[in-house]
Every structure is written in C-alpha cells, then in structure tokens.
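Just below is one structure, and these are the notes that go with it.
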Amino acid sequence: MNLEGKVALVTGAARRLGRAVAVALAQRGAALALHYNTSRKDAEQLARQLRRSFGREVFPVQADLADAGAVKRMAASVQKRFGAVHVLVNSAAIYEKQSFSRATVQDWDRHLDLNLRAPFLLSQALAPAMLKAGGGKIINIADWAALRPYTGYIPYCVSKAGLLCLNTALAKELAPKIQVNA
C-alpha cells in the first residue's frame, strides 16, 4: 500500500511494536507523528533515522496518554502541523501485573485511561478531519487477553476487552469512510 501524501500518528512509537509500525508506515511513504511519553531520546533517534532513510517529514510529539487534556492537546498539535491524519495507530499501552487482591483504583484507572480512553479520545479528535479528507484508518492494537484473560492482570485484560468493544463500535459509527480494525 502506497501512503505517499498521507499522515500517520502512531502512539507508543519510540519502542517495540509502535516503532516497528512507524518504520513500516515510513517505508510506504507516510509522513509521521511519533508519539512518546517518557522515551524522548528513542523517539528523536527514530525521527532522525526515518528522515535520513526515507526522506519523510517526522514529528516527535510528547504526551502522557493517561491525561485526557494531554491527549487532546497532542491531537490538536498534530493536526496543526499536518492537517488531517489519515492513519491512527493506537499502539501505546501499559501492561502491569496486579493481583486481584492488591489491585487498586489507581491501577484500574491507569490501565483504562491509557489503554482504552486515550484511543477513544484520539479517534474522536481525529475522525472529523479524516472524514473531511475522504476517509482514513484507525488501527487499535489489541491482545488475545481481552478474550482469554491472564491471571494476575485484571485491569490490563479488562482495558483490552474494552478496546475490542470500542473498536467494533467505532467501526460501525465511522463506516464506510473510516475503516477501524484491531
């Protein structure tokens, strides 16, 4: 798939899966907004690499996705820089072991805020411009643990199950112009 002239925002782009997705999108021609939270050095290194290797416009952007205001500010910043985002990849996530008996409200909120609420808020913020541009794609990185929960990871598993439900709801809401997949 050729993505020349398209813009992609990848959350959690500085490391692991998000990084691999960002590289693949750059190889296919996309300009990129590379989200990171605390991995600034890694994000800036990746941005330099992608500019040098593929000649793409790359914009590292910091945001704590557990902070709803920061999510909205990041979306606005990316749109101000690029206009419409054509591809949103919600890759950032936390995966922390918490026993049932010791899981706190803060553990629960942290997982749901980052793994579920942030993808919703980003989709909500970016979809209107996608629609105006003729369409787009939203890709939510899921986990089979949403359907077969791991022992000791209840907040994580519930957040990923919620993400699958959100994915289906967004697919119905935004079809046919925006494709939503997990």
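Measuring with a 1.4 Å probe in the full set of protein chains, what accessible area per residue, in whole Å², belongs to the chain? Don't skip to the end; give the middle numbers.
Details: 9260 Å² over 182 residues.
Averaged over the residues of the chain, the accessible area is 51 Å².
If you place +1 on the Cβ of every Lys and Arg and -1 on the Cβ of every Asp and Glu, how big does the dipole about the Cα centre of the chain come out, in debye to the nearest 20?
Numbers: 25 positive and 12 negative charges, 99 e Å.
Charge dipole, the chain, about its Cα centre: 480 debye, nearest 20.
Beyond 22 Å between alpha-carbons counts as too far, so tell me which of Lys6/Lys177; Lys137/Lys160; Lys132/Lys172; Lys132/Lys160; Lys137/Lys172; Lys72/Lys132 fall in that bin.
Values: Lys6/Lys177 15 Å; Lys137/Lys160 19 Å; Lys132/Lys172 18 Å; Lys132/Lys160 29 Å; Lys137/Lys172 13 Å; Lys72/Lys132 19 Å.
Distance filter (> 22 Å) returns Lys132/Lys160.
Within the accessible area of region 1-86, what % is carbon and sulfur when the probe is 1.4 Å and the other protein chains stay in place?
Numbers: 1980 of 4220 Å².
Accessible surface attributable to carbon and sulfur in region 1-86 totals 47 percent.
Helices from the chain with mean Kyte-Doolittle at least -1.0 and a Cα length along the axis of 18 Å or more, per DSSP H: which? All intermediate terms of the calculation are to be shown ahead of the outcome.
Working: long enough: 40-54 (21 Å, -1.51); 68-82 (21 Å, -0.08); 118-132 (22 Å, 1.05); 154-174 (29 Å, 0.88).
Helices meeting the span and hydropathy rule in the chain are 68-82, 118-132, 154-174.
Mean residue ellipticity at 222 nm from the helices of the chain, using -39,500 (n - 2.57) per DSSP H segment of n ≥ 4 over the full residue count, to the nearest 500 deg cm²/dmol? If you can, show how the numbers build up before the last one.
Numbers: 6 runs with 86 residues, N = 182.
Value at 222 nm, helices only, nearest 500: -15500 deg cm²/dmol.
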Per DSSP, the loop-located chymotrypsin sites (Phe, Trp or Tyr not before Pro) within region 9-106 having at most 10 other beta carbons within 10 Å are Phe100
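Would you please classify the overall shape of region 1-43 from the alpha carbon gyration tensor, given that a ≥ b ≥ c denote the square roots of the eigenvalues, rounded means a/c under 1.5, and beyond that prolate means a/b larger than b/c while oblate covers the rest? Show your work: numbers first, answer last.
Numbers: a/c = 2.90, a/b = 2.03, b/c = 1.43.
It is prolate, given that a/c is not under 1.5 and a/b is the larger ratio.
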For region 4-56, listing trypsin sites (Lys or Arg not before Pro) in a DSSP loop whose Cβ sees at most 16 other Cβ atoms within 10 Å gives Arg15, Arg28
Reviewing (i) 27, 19, 14; (ii) 34, 29, 13; (iii) 34, 19, 16, the figure for semi-axes √(5λ) of the Cα gyration tensor in Å actually calculated from this model sits under (i)
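The values are calculated or read from the model by the stated rules, or taken from the named source; none is laboratory data. All figures in this text were calculated on a predicted structure; none of them were measured in a lab. Note: ideal-geometry Cβ built from the backbone for every residue, glycine included; neighbour counts use all protein chains shown. We work out accessible area using only protein heavy atoms, side chains counted, and drop any ligands, DNA or RNA first. Shrake-Rupley method; radii C 1.70, N 1.55, O 1.52, S 1.80 Å.
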